[in-house]
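Read through the structure below, which is laid out as C-alpha coordinates, and then see the notes.
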Number of protein chains: 2
Amino acid sequence: MRMSEGVEWALHTCLNLTWLPGDQAVPTAKLAAFYALPAAYLNKQMQALARAGIVSSTPGPRGGFRLARSPEQITVLDIVVAIEGPDEAFRCVQLLKQGPGADPAVDYRQACLISQAMHRADMAWRRELAAQTLAGLKADVEQQYPAAPGNTSSALRA
Amino acid sequence: MRMSEGVEWALHTCLNLTWLPGDQAVPTAKLAAFYALPAAYLNKQMQALARAGIVSSTPGPRGGFRLARSPEQITVLDIVVAIEGPDEAFRCVQLLKQGPGADPAVDYRQACLISQAMHRADMAWRRELAAQTLAGLKADVEQQYPAAPGNTSSALRA
DNA sequence: GTAATTATACTCGGATAATGAGTGTCCGAGTAATCGGGG
DNA sequence: CCCCGATTACTCGGACACTCATTATCCGAGTATAATTAC
(Lines give C-alpha, C1' and ligand atoms only; values in the text may rest on other atoms or scores of the structure.)
Protein backbone atom coordinates (compact mmCIF):
# COMPACT_ATOMS: atom_id res chain seq x y z
CA MET A 1 0.00 0.00 0.00
CA ARG A 2 1.70 3.09 -1.21
CA MET A 3 0.26 6.54 -1.68
CA SER A 4 0.92 8.34 -4.93
CA GLU A 5 3.83 10.73 -4.87
CA GLY A 6 1.54 13.28 -6.47
CA VAL A 7 -0.13 13.78 -3.11
CA GLU A 8 3.06 15.16 -1.63
CA TRP A 9 3.57 17.38 -4.65
CA ALA A 10 0.02 18.67 -4.48
CA LEU A 11 0.17 19.38 -0.75
CA HIS A 12 3.40 21.34 -0.97
CA THR A 13 2.26 23.18 -4.07
CA CYS A 14 -1.08 24.19 -2.59
CA LEU A 15 0.65 25.34 0.56
CA ASN A 16 3.01 27.45 -1.52
CA LEU A 17 0.04 29.03 -3.26
CA THR A 18 -1.28 30.27 0.07
CA TRP A 19 1.60 32.73 0.24
CA LEU A 20 0.68 34.47 -2.98
CA PRO A 21 -1.95 37.14 -3.55
CA GLY A 22 -5.21 35.38 -4.31
CA ASP A 23 -5.58 37.01 -7.70
CA GLN A 24 -2.21 35.89 -9.00
CA ALA A 25 -2.05 32.77 -11.16
CA VAL A 26 1.17 30.74 -11.29
CA PRO A 27 1.96 28.49 -14.27
CA THR A 28 2.94 24.88 -13.77
CA ALA A 29 6.46 25.56 -14.97
CA LYS A 30 7.23 27.80 -11.99
CA LEU A 31 5.49 25.59 -9.48
CA ALA A 32 7.51 22.63 -10.76
CA ALA A 33 10.82 24.52 -10.86
CA PHE A 34 10.41 25.31 -7.17
CA TYR A 35 11.10 21.68 -6.27
CA ALA A 36 12.82 20.62 -9.51
CA LEU A 37 9.85 18.45 -10.46
CA PRO A 38 8.88 17.32 -13.99
CA ALA A 39 6.51 20.06 -15.06
CA ALA A 40 4.26 17.98 -17.30
CA TYR A 41 3.53 15.46 -14.58
CA LEU A 42 2.90 18.09 -11.94
CA ASN A 43 0.51 19.62 -14.44
CA LYS A 44 -1.40 16.37 -14.42
CA GLN A 45 -1.80 16.58 -10.66
CA MET A 46 -2.89 20.20 -10.90
CA GLN A 47 -5.56 19.13 -13.35
CA ALA A 48 -6.91 16.73 -10.77
CA LEU A 49 -6.97 19.53 -8.21
CA ALA A 50 -8.80 21.72 -10.71
CA ARG A 51 -11.41 19.05 -11.40
CA ALA A 52 -11.94 18.78 -7.64
CA GLY A 53 -12.50 22.52 -7.41
CA ILE A 54 -9.51 23.13 -5.17
CA VAL A 55 -7.64 25.29 -7.64
CA SER A 56 -8.86 27.21 -10.66
CA SER A 57 -6.97 27.33 -13.91
CA THR A 58 -6.47 30.17 -16.37
CA PRO A 59 -5.10 29.54 -19.86
CA GLY A 60 -3.03 31.87 -21.97
CA PRO A 61 -0.27 34.33 -21.07
CA ARG A 62 -0.23 35.40 -17.42
CA GLY A 63 -2.31 32.30 -16.79
CA GLY A 64 -1.74 29.36 -14.44
CA PHE A 65 -3.28 28.05 -11.27
CA ARG A 66 -4.55 29.74 -8.14
CA LEU A 67 -6.45 28.50 -5.10
CA ALA A 68 -10.15 28.37 -5.85
CA ARG A 69 -11.19 29.14 -2.28
CA SER A 70 -9.66 30.38 0.93
CA PRO A 71 -7.10 28.20 2.74
CA GLU A 72 -9.48 27.90 5.67
CA GLN A 73 -11.86 26.01 3.42
CA ILE A 74 -9.33 23.54 2.03
CA THR A 75 -8.48 20.51 4.13
CA VAL A 76 -5.61 18.11 3.69
CA LEU A 77 -8.21 15.42 3.07
CA ASP A 78 -9.62 17.42 0.16
CA ILE A 79 -6.26 17.37 -1.55
CA VAL A 80 -5.55 13.71 -0.82
CA VAL A 81 -8.95 12.69 -2.19
CA ALA A 82 -8.51 14.87 -5.26
CA ILE A 83 -5.29 13.05 -6.18
CA GLU A 84 -5.89 9.54 -4.88
CA GLY A 85 -9.58 9.27 -5.63
CA PRO A 86 -12.45 8.77 -3.22
CA ASP A 87 -12.14 5.01 -2.72
CA GLU A 88 -10.92 3.48 0.53
CA ALA A 89 -7.60 1.68 0.60
CA PHE A 90 -9.28 -1.55 1.68
CA ARG A 91 -11.67 -2.74 -1.02
CA CYS A 92 -13.77 -5.62 0.21
CA VAL A 93 -14.11 -8.21 -2.55
CA GLN A 94 -16.77 -9.98 -0.51
CA LEU A 95 -14.95 -13.22 0.07
CA LEU A 96 -17.83 -14.40 2.19
CA LYS A 97 -19.95 -14.62 -0.94
CA GLN A 98 -17.68 -17.48 -2.05
CA GLY A 99 -17.78 -19.22 1.30
CA PRO A 100 -20.24 -21.79 2.67
CA GLY A 101 -23.50 -20.50 4.04
CA ALA A 102 -23.34 -17.32 1.97
CA ASP A 103 -26.47 -15.34 1.22
CA PRO A 104 -26.34 -13.96 -2.34
CA ALA A 105 -28.67 -11.13 -1.40
CA VAL A 106 -26.41 -9.75 1.33
CA ASP A 107 -23.92 -6.97 0.61
CA TYR A 108 -20.96 -8.15 2.63
CA ARG A 109 -19.24 -4.83 2.25
CA GLN A 110 -21.78 -3.74 4.82
CA ALA A 111 -22.32 -6.95 6.77
CA CYS A 112 -18.79 -8.34 7.05
CA LEU A 113 -17.30 -7.42 10.41
CA ILE A 114 -13.81 -7.35 8.97
CA SER A 115 -14.93 -4.81 6.41
CA GLN A 116 -16.43 -2.76 9.20
CA ALA A 117 -13.20 -2.84 11.18
CA MET A 118 -11.17 -1.69 8.20
CA HIS A 119 -13.75 0.96 7.45
CA ARG A 120 -13.58 2.33 10.98
CA ALA A 121 -9.82 2.67 10.69
CA ASP A 122 -10.20 4.43 7.35
CA MET A 123 -12.69 6.84 8.88
CA ALA A 124 -10.28 7.64 11.71
CA TRP A 125 -7.59 8.37 9.12
CA ARG A 126 -9.88 10.64 7.15
CA ARG A 127 -11.06 12.42 10.27
CA GLU A 128 -7.49 13.27 11.14
CA LEU A 129 -6.77 14.58 7.64
CA ALA A 130 -9.98 16.57 7.52
CA ALA A 131 -9.08 18.29 10.78
CA GLN A 132 -6.08 19.99 9.17
CA THR A 133 -6.73 22.92 6.87
CA LEU A 134 -4.28 24.63 4.57
CA ALA A 135 -4.69 27.71 6.72
CA GLY A 136 -3.63 25.74 9.79
CA LEU A 137 -0.57 24.37 8.06
CA LYS A 138 0.27 27.82 6.79
CA ALA A 139 0.10 29.29 10.28
CA ASP A 140 2.24 26.50 11.73
CA VAL A 141 4.90 26.93 9.08
CA GLU A 142 4.97 30.70 9.51
CA GLN A 143 5.55 30.27 13.21
CA GLN A 144 8.23 27.61 12.90
CA TYR A 145 9.99 28.81 9.76
CA PRO A 146 9.44 32.58 9.50
CA ALA A 147 11.61 32.86 6.39
CA ALA A 148 9.58 30.38 4.35
CA PRO A 149 6.72 32.63 3.21
CA GLY A 150 9.05 35.29 1.83
CA ASN A 151 11.23 32.73 0.08
CA THR A 152 8.29 31.06 -1.52
CA SER A 153 6.52 34.19 -2.59
CA SER A 154 9.56 35.71 -4.23
CA ALA A 155 10.55 32.45 -5.94
CA LEU A 156 7.13 31.98 -7.47
CA ARG A 157 6.85 35.60 -8.56
CA ALA A 158 10.24 35.61 -10.26
CA MET B 1 -3.65 4.00 -2.98
CA ARG B 2 -4.92 0.48 -2.84
CA MET B 3 -4.35 -2.15 -0.21
CA SER B 4 -3.27 -5.58 -1.33
CA GLU B 5 -6.06 -8.09 -1.67
CA GLY B 6 -3.94 -10.47 0.35
CA VAL B 7 -4.83 -8.52 3.48
CA GLU B 8 -8.47 -9.46 3.13
CA TRP B 9 -7.55 -13.08 2.49
CA ALA B 10 -5.24 -13.16 5.49
CA LEU B 11 -7.78 -11.59 7.83
CA HIS B 12 -10.55 -13.99 6.89
CA THR B 13 -8.22 -16.97 6.99
CA CYS B 14 -6.81 -16.11 10.41
CA LEU B 15 -10.31 -15.57 11.72
CA ASN B 16 -11.33 -18.97 10.40
CA LEU B 17 -8.38 -20.53 12.18
CA THR B 18 -9.68 -19.25 15.52
CA TRP B 19 -12.53 -21.76 15.30
CA LEU B 20 -10.29 -24.77 15.12
CA PRO B 21 -8.55 -26.55 17.98
CA GLY B 22 -5.22 -24.88 18.53
CA ASP B 23 -3.24 -28.03 17.87
CA GLN B 24 -4.76 -28.69 14.46
CA ALA B 25 -2.87 -27.55 11.37
CA VAL B 26 -4.76 -26.79 8.17
CA PRO B 27 -3.04 -26.98 4.78
CA THR B 28 -3.25 -24.11 2.35
CA ALA B 29 -5.35 -26.15 -0.05
CA LYS B 30 -8.26 -26.32 2.38
CA LEU B 31 -7.95 -22.72 3.50
CA ALA B 32 -8.05 -21.64 -0.14
CA ALA B 33 -10.92 -23.94 -1.10
CA PHE B 34 -13.04 -22.31 1.61
CA TYR B 35 -13.26 -19.11 -0.45
CA ALA B 36 -12.35 -20.56 -3.87
CA LEU B 37 -9.01 -18.75 -3.84
CA PRO B 38 -5.88 -19.70 -5.80
CA ALA B 39 -4.05 -21.91 -3.32
CA ALA B 40 -0.52 -21.05 -4.39
CA TYR B 41 -1.04 -17.35 -3.94
CA LEU B 42 -2.76 -17.72 -0.60
CA ASN B 43 0.22 -19.83 0.38
CA LYS B 44 2.39 -16.81 -0.36
CA GLN B 45 0.37 -14.70 2.04
CA MET B 46 0.52 -17.41 4.69
CA GLN B 47 4.29 -17.41 4.35
CA ALA B 48 4.30 -13.72 5.19
CA LEU B 49 2.16 -14.38 8.24
CA ALA B 50 4.55 -17.14 9.29
CA ARG B 51 7.56 -14.84 8.92
CA ALA B 52 5.75 -12.34 11.13
CA GLY B 53 5.19 -14.98 13.77
CA ILE B 54 1.41 -14.84 13.53
CA VAL B 55 0.97 -18.40 12.31
CA SER B 56 3.30 -21.36 12.55
CA SER B 57 3.78 -23.78 9.72
CA THR B 58 4.24 -27.53 9.75
CA PRO B 59 5.47 -29.39 6.68
CA GLY B 60 4.64 -32.92 5.65
CA PRO B 61 1.45 -34.96 5.93
CA ARG B 62 -1.09 -33.66 8.47
CA GLY B 63 0.84 -30.41 8.25
CA GLY B 64 -0.32 -26.89 7.43
CA PHE B 65 -0.79 -23.66 9.33
CA ARG B 66 -2.12 -22.85 12.77
CA LEU B 67 -2.20 -19.69 14.84
CA ALA B 68 1.11 -19.17 16.58
CA ARG B 69 -0.44 -17.45 19.58
CA SER B 70 -3.84 -16.91 21.14
CA PRO B 71 -6.40 -14.72 19.28
CA GLU B 72 -6.30 -12.25 22.15
CA GLN B 73 -2.68 -11.54 21.28
CA ILE B 74 -3.20 -11.01 17.54
CA THR B 75 -4.42 -7.61 16.40
CA VAL B 76 -5.79 -6.68 13.01
CA LEU B 77 -2.82 -4.34 12.68
CA ASP B 78 -0.43 -7.26 13.14
CA ILE B 79 -1.95 -8.99 10.13
CA VAL B 80 -2.08 -5.88 7.97
CA VAL B 81 1.56 -5.10 8.70
CA ALA B 82 2.60 -8.69 8.05
CA ILE B 83 1.13 -8.55 4.54
CA GLU B 84 1.60 -4.91 3.55
CA GLY B 85 4.92 -4.32 5.23
CA PRO B 86 5.75 -1.85 8.00
CA ASP B 87 6.06 1.31 5.89
CA GLU B 88 3.52 4.10 6.00
CA ALA B 89 1.35 4.78 2.97
CA PHE B 90 2.73 8.31 2.69
CA ARG B 91 6.46 8.22 2.00
CA CYS B 92 7.97 11.66 2.24
CA VAL B 93 10.51 12.14 -0.53
CA GLN B 94 11.70 15.33 1.15
CA LEU B 95 10.71 17.77 -1.54
CA LEU B 96 11.88 20.58 0.69
CA LYS B 97 15.46 19.40 0.15
CA GLN B 98 15.07 20.47 -3.49
CA GLY B 99 13.50 23.82 -2.64
CA PRO B 100 15.12 27.17 -1.92
CA GLY B 101 16.47 27.71 1.56
CA ALA B 102 16.88 23.99 2.21
CA ASP B 103 19.25 22.73 4.86
CA PRO B 104 20.99 19.55 3.67
CA ALA B 105 21.55 18.42 7.25
CA VAL B 106 17.86 18.42 8.14
CA ASP B 107 15.77 15.27 7.84
CA TYR B 108 12.55 16.69 6.46
CA ARG B 109 10.69 13.46 7.14
CA GLN B 110 10.83 14.71 10.71
CA ALA B 111 10.80 18.46 10.23
CA CYS B 112 8.26 18.91 7.41
CA LEU B 113 4.89 19.81 8.86
CA ILE B 114 3.10 18.12 5.98
CA SER B 115 4.90 14.90 6.78
CA GLN B 116 3.89 15.29 10.38
CA ALA B 117 0.24 15.76 9.45
CA MET B 118 0.24 12.66 7.27
CA HIS B 119 2.06 10.75 9.98
CA ARG B 120 -0.53 11.70 12.58
CA ALA B 121 -3.29 10.39 10.33
CA ASP B 122 -1.39 7.17 9.79
CA MET B 123 -0.97 6.75 13.53
CA ALA B 124 -4.71 7.22 14.07
CA TRP B 125 -5.35 4.54 11.46
CA ARG B 126 -2.94 2.14 13.11
CA ARG B 127 -4.33 2.85 16.55
CA GLU B 128 -7.77 1.86 15.35
CA LEU B 129 -6.49 -1.35 13.79
CA ALA B 130 -4.42 -2.23 16.84
CA ALA B 131 -7.48 -1.89 19.05
CA GLN B 132 -9.18 -4.82 17.36
CA THR B 133 -7.95 -8.31 18.23
CA LEU B 134 -8.84 -11.53 16.48
CA ALA B 135 -10.54 -12.61 19.69
CA GLY B 136 -12.74 -9.53 19.55
CA LEU B 137 -13.72 -10.16 15.96
CA LYS B 138 -14.37 -13.81 16.78
CA ALA B 139 -16.69 -12.89 19.61
CA ASP B 140 -18.56 -10.35 17.48
CA VAL B 141 -19.08 -12.84 14.68
CA GLU B 142 -20.25 -15.54 17.07
CA GLN B 143 -22.84 -13.18 18.47
CA GLN B 144 -24.07 -11.91 15.13
CA TYR B 145 -23.78 -15.09 13.04
CA PRO B 146 -24.09 -18.05 15.43
CA ALA B 147 -23.91 -20.58 12.60
CA ALA B 148 -20.58 -19.37 11.30
CA PRO B 149 -18.21 -21.13 13.72
CA GLY B 150 -19.77 -24.53 13.10
CA ASN B 151 -19.78 -24.08 9.36
CA THR B 152 -16.16 -23.00 9.31
CA SER B 153 -14.90 -25.66 11.63
CA SER B 154 -16.56 -28.49 9.75
CA ALA B 155 -15.56 -27.17 6.34
CA LEU B 156 -11.90 -26.93 7.32
CA ARG B 157 -11.87 -30.31 9.01
CA ALA B 158 -13.45 -32.10 6.06
C1' DG C 1 -3.04 59.73 -31.25
C1' DT C 2 -6.53 56.11 -31.29
C1' DA C 3 -8.91 52.07 -32.44
C1' DA C 4 -9.47 47.94 -34.87
C1' DT C 5 -7.07 43.89 -36.65
C1' DT C 6 -3.78 40.56 -37.10
C1' DA C 7 -0.13 37.80 -35.45
C1' DT C 8 2.10 35.67 -31.59
C1' DA C 9 3.54 33.39 -27.62
C1' DC C 10 2.02 31.23 -23.69
C1' DT C 11 -1.19 28.42 -20.90
C1' DC C 12 -3.87 24.37 -19.81
C1' DG C 13 -5.87 19.80 -21.22
C1' DG C 14 -6.12 15.27 -22.59
C1' DA C 15 -4.13 11.39 -25.35
C1' DT C 16 -0.09 8.40 -25.59
C1' DA C 17 4.34 5.37 -23.95
C1' DA C 18 7.54 3.37 -20.02
C1' DT C 19 8.09 1.60 -15.52
C1' DG C 20 7.38 -1.01 -11.22
C1' DA C 21 4.61 -3.08 -7.65
C1' DG C 22 1.27 -6.41 -7.17
C1' DT C 23 -0.66 -10.78 -8.88
C1' DG C 24 -0.46 -15.40 -10.17
C1' DT C 25 1.97 -19.86 -11.05
C1' DC C 26 5.27 -23.49 -10.80
C1' DC C 27 8.55 -26.89 -9.07
C1' DG C 28 11.96 -28.43 -5.51
C1' DA C 29 13.42 -29.47 -0.36
C1' DG C 30 11.99 -31.53 3.66
C1' DT C 31 9.03 -34.16 6.77
C1' DA C 32 5.74 -37.25 8.94
C1' DA C 33 2.87 -40.97 8.15
C1' DT C 34 2.54 -45.45 6.03
C1' DC C 35 3.74 -49.94 4.47
C1' DG C 36 6.59 -53.98 4.65
C1' DG C 37 9.65 -57.15 6.72
C1' DG C 38 12.07 -59.21 10.47
C1' DG C 39 12.49 -60.56 15.28
C1' DC D 1 2.39 -59.64 18.25
C1' DC D 2 5.84 -55.87 18.32
C1' DC D 3 9.60 -53.14 16.52
C1' DC D 4 12.51 -51.18 13.00
C1' DG D 5 13.54 -49.37 8.41
C1' DA D 6 12.58 -47.98 3.68
C1' DT D 7 9.14 -45.95 0.93
C1' DT D 8 5.75 -42.82 -0.18
C1' DA D 9 2.82 -39.03 -0.36
C1' DC D 10 2.03 -34.65 1.28
C1' DT D 11 3.39 -30.05 3.04
C1' DC D 12 5.64 -25.61 2.90
C1' DG D 13 9.11 -22.46 0.72
C1' DG D 14 11.13 -19.73 -2.56
C1' DA D 15 12.13 -18.84 -7.60
C1' DC D 16 9.94 -17.57 -12.01
C1' DA D 17 6.17 -15.16 -15.53
C1' DC D 18 2.16 -11.89 -16.14
C1' DT D 19 -1.05 -7.89 -15.40
C1' DC D 20 -2.30 -3.45 -14.38
C1' DA D 21 -1.95 0.94 -11.86
C1' DT D 22 1.32 4.51 -11.39
C1' DT D 23 4.67 7.38 -13.53
C1' DA D 24 6.25 10.12 -17.16
C1' DT D 25 6.00 12.53 -21.62
C1' DC D 26 4.27 14.81 -25.65
C1' DC D 27 1.46 17.58 -28.76
C1' DG D 28 -2.92 20.10 -29.81
C1' DA D 29 -6.92 23.62 -28.50
C1' DG D 30 -7.75 27.94 -26.71
C1' DT D 31 -6.71 32.61 -24.92
C1' DA D 32 -4.87 37.03 -23.52
C1' DT D 33 -1.20 39.84 -24.89
C1' DA D 34 1.44 42.54 -28.04
C1' DA D 35 2.59 44.34 -32.38
C1' DT D 36 0.86 46.33 -36.68
C1' DT D 37 -1.85 48.94 -39.63
C1' DA D 38 -5.37 52.02 -40.97
C1' DC D 39 -7.95 56.08 -39.83
Inset, instruction - State log₁₀ I(q)/I(0) for the range A:1-155 at q = 0.10, 0.17 Å⁻¹ as given by the Debye formula over alpha-carbon point scatterers of equal weight, solvent excluded. - result: -0.46, -0.97
Legend entry - Phi-based couplings in Hz for the range A:104-116 (Karplus 6.51, -1.76, 1.60; Gly and Pro marked x): x, 7, 7, 8, 6, 5, 8, 7, 5, 5, 5, 4, 4
Legend entry - Principal-axis tilt of helix A:148-157 within chain A, Cα atoms, nearest 10 degrees: 70 degrees
Inset, instruction - Have a look at the range A:112-130 and report residues whose accessible surface goes down by 30 Å² or more when the remaining protein chains are included, against the chain on its own, probe 1.4 Å, ligands and DNA/RNA excluded. - result: A:Leu113, A:Ile114, A:Ala117, A:Met118, A:Arg120, A:Ala121, A:Ala124, A:Trp125, A:Glu128, A:Leu129
Inset, instruction - For the range B:49-109, build the charge dipole from Cβ charges (+1 Lys, Arg; -1 Asp, Glu) around the Cα centre, then report which of B:Pro100, B:Pro86, B:Gln73 sits farthest towards its positive end. - result: B:Gln73
Inset, instruction - Filter the trypsin sites (Lys or Arg not before Pro) in the range A:30-139 to those in DSSP coil with at most 12 other Cβ atoms within 10 Å of their Cβ, and list the result. - result: A:Arg62
Inset, instruction - Kindly report the accessible area of the range B:73-158 per residue (heavy atoms of protein chains, probe 1.4 Å, no ligands, DNA or RNA), in Å². - result: 49 Å²
Inset, instruction - Enumerate the amide H contacts of B:Phe90 below 5 Å, restricted to partners 5 or more residues apart or on another chain; note that Pro and chain-start residues carry no placed amide H. - result: A:Met3
Inset, instruction - Give me the percent of the accessible area of the protein assembly as shown that comes from carbon and sulfur atoms, probe 1.4 Å, all protein chains in place. - result: 52 percent
Inset, instruction - Provide the buried accessible surface between chains A and B in square angstrom, both chains summed, 1.4 Å probe, rounded to the nearest 100. - result: 4600 Å²
Legend entry - Sites B:Asp107 and B:Ala139 - FRET efficiency at Förster radius 41 Å, r taken between beta-carbons, to 0.05: 0.40
Inset, instruction - Please report how far the C-alpha centroid of the range B:54-77 lies from that of the range A:79-158, rounded to the nearest whole angstrom. - result: 32 Å
Inset, instruction - For the range A:138-153, state which residues have at least 20 Å² less accessible area in the presence of all protein chains than in their chain by itself, taking the probe as 1.4 Å and leaving out ligands, DNA and RNA. - result: A:Gln144, A:Tyr145, A:Asn151
Inset, instruction - Evaluate Rg over Rh across the protein assembly as shown, taking Cα atoms for both radii and Kirkwood's formula for Rh. - result: 1.09
Legend entry - Over the range A:37-124, volume per residue of the alpha carbon convex hull, in Å³: 156 Å³
Inset, instruction - For the range A:1-123, give the magnitude of the charge dipole about the Cα centre (Cβ charges: +1 Lys/Arg, -1 Asp/Glu; no others), in debye to the nearest 20. - result: 320 debye
Inset, instruction - Collect residues whose amide H, placed 1.01 Å from N in the peptide plane, falls under 5 Å from the amide H of B:Val55; neighbours closer than 5 in sequence don't count. - result: B:Ala50, B:Ala68
Legend entry - In nm, spacing of pseudo-spin labels at A:Gln116 and A:Gln73 (7 Å Cα→C-beta vector): 3.8 nm
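The values are calculated or read from the model by the stated rules, or taken from the named source; none is laboratory data. The shown structure was predicted, so the numbers you read here are calculated from the model rather than taken from an experiment. Note that we place each Cβ from the backbone using ideal geometry, even for glycine, and neighbour counts take in every protein chain shown. Just the protein is used for accessible areas: all its heavy atoms, side chains included, with ligands, DNA and RNA removed. Shrake-Rupley method; radii C 1.70, N 1.55, O 1.52, S 1.80 Å.
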